[in-house]
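Read-outs: derived from the displayed coordinates by stated rules, not from any lab. Quantities reported herein were computed from a predicted structural model and do not represent experimental measurements. Every residue, glycine among them, receives a Cβ derived from its backbone with ideal geometry; neighbour counts consider all protein chains shown.
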């Protein structure tokens, strides 16, 4: 069974991952203009571009902190619950954040997908309750 703290941790992970995805995309704009003669110098120049670009670095650090929380939560939560909840809610957070930043939403199919995703997550959360309707605290 899943505790409230584990569920909140998974929600935080989803928000950190999902909200930073569009920001990472924006922060990486311009990397295609970095060109060098050989593969090694190209790789180093791109790494330098990203590392010294705060528009990329801040979302990257937040995204990676979500990964740390995720791996800690995985050690304490059932995989069959944690993985679908975190990944599906990440998808929704990415869509919503992208929309707030002016990206294309995806139309009616994206809305239907979000509702189906939320229905699936709701089923996962409801199934984590025991027969008495109480959420397990262990």
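When the Gaussian network model of the chain links Cα atoms closer than 10 Å, the mean-square fluctuations of 96, 116, 40 top out at 40.
The relative contact order of the stretch 13-57, computed from alpha carbon pairs under 8 Å that lie at least 6 residues apart in sequence, is 44 percent. Each label was represented as a point 7 Å from its Cα along the Cα-to-Cβ direction; for residue 104 and residue 41 these points are 3.8 nm apart.
For the chain, a Gaussian network of Cα nodes joined below 10 Å ranks 94, 77, 122 by mean-square fluctuation, and the top entry is 122. Report summary: the helix-based calculation at 222 nm, which adds -39500 (n - 2.57) for every DSSP H run with n ≥ 4 and divides by the residues of the chain, gives -25000 deg cm²/dmol. Note on the chain: GNM, Cα springs under 10 Å; of 53, 63, 87, the largest mean-square fluctuation is that of 53.
Taking 0.36 nm per residue of sequence separation and removing the Cα-Cα distance, the residue 112/residue 33 pair yields an extension gain of 24.7 nm.
For the chain, relative contact order (Cα pairs under 8 Å, six or more residues apart, normalised by length) works out to 41 percent. Of all the C-alpha pairs in the chain, what % are more than 18 Å from each other? Taking all Cα-Cα pairs of the chain, the fraction more than 18 Å apart is 63 percent.
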